[in-house]
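What follows is a single structure, written as structure tokens, with notes after it.
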Amino acid sequence: MYEAAKVIYEKVIPHVVDFLQTHGEHARFQFTGHSLGGSIAVLVSLMLLIRNVVRCSMVEPVVTFGSPFVLCGGRKLLDELTLDDAQIYNVIMHGDIAPRGFSCNIPGFLISILKLFKRSLHSHPCLNENKFMYSPLGELLILQPNAKSSPGHPLLPPGTAFYALDTTGCKDTSNAAINGFLNSPHPFDPKAYGDDGTVSLNHDSSSYLKAIKGVLRLHITATIVPKLREKKSLCHHLRIHGSMKEIQNQQIRFYDIKDGVCILARVGINI
């Protein structure tokens, strides 16, 4: 994965340098991607920070969709960069197998087989200590679509929604909850794949888009529409149009680099 990230990094860097030269201190960058594209987006953003190409204040949080975790001990890396978990948002469909692939509990016999084929795994800290390849990094946002699209997750309340883990309590409890979710369904359990097309249904980017639209639709219906009906004043009207004008003046650029990785560069004015 790191080799793929280096290739994308070389494609990204000319755009980054050009944008920095044009906009200087006001330049802002954000990376996002689906599946492996999201994993690479995380690595590329961290590479830019570690190599001091950009400052932390210039990089907005990375947002991934259905992306496998690809770092062992990544928390230490964020600490060294003085960043918290909010630097990375991992959106995971409730039944998506792909994000679980490298972070689920791997049976002992399979670990032995993996080590036979790849000697470097003998010293892999996450594999030896925790029985998985890579540890979760960043905030975890679980996306549960309408039950008609995909049956609900057994660990979640019913209904279409975004679910986030409350990490204000015991760290061990939080880690156990994340581990429980990433192992249910377990990628190595044939029952997890369900009927034909289930894996594709829960991982496809169009399914993510459809589910997110469903959540937003419920939110708008429940909160925004009633407020709009109550507040039809001129002041409210001007405030909406004023914010739209600000957005239009931000000079946003999108660069679709490769393999599902997208970089957003904009001019940011601190107020």
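The values are calculated or read from the model by the stated rules, or taken from the named source; none is laboratory data. Worth saying up front: this structure is predicted, and the values here are computed from it rather than measured. Note that each Cβ is placed from the backbone with ideal geometry, even for glycine, and that neighbours are counted across all protein chains shown.
Computed quantities for the displayed model
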item: Positions within the stretch 139-150 being outside any strand (DSSP E or B) and either in contact (Cβ under 8 Å) with a residue 24 or more places away in the chain or under 19 Å from the mean Cα position of the chain (by Cα) (or both), in sequence order; result: Pro145, Asn146, Ser149, Ser150
item: Filtered residues of the stretch 1-40 (kept if touching a residue at least 60 places away in the same chain (Cβ under 8 Å), over 18 Å from Ser57 (Cα atoms) and crowded, with 22+ Cβ neighbours inside 10 Å); result: Ile8, Val12, Gly33, His34, Gly37, Gly38, Ile40
item: Every residue from the stretch 48-95 that is outside the structural domain of Phe29 (by TED's automatic domain parsing), surrounded by 17 or more Cβ atoms within 10 Å (Cβ to Cβ), of a type in the set (A, V, I, L, M) and part of a loop (DSSP other than H, G, I, E, B); result: Val70, Leu71, Leu83
item: Met1 being under 30 Å from Ala177 (Cα atoms), among the hydrophobic types (A, V, I, L, M, F, W, C) and more than 12 Å from the chain's Cα centre (by Cα); result: yes
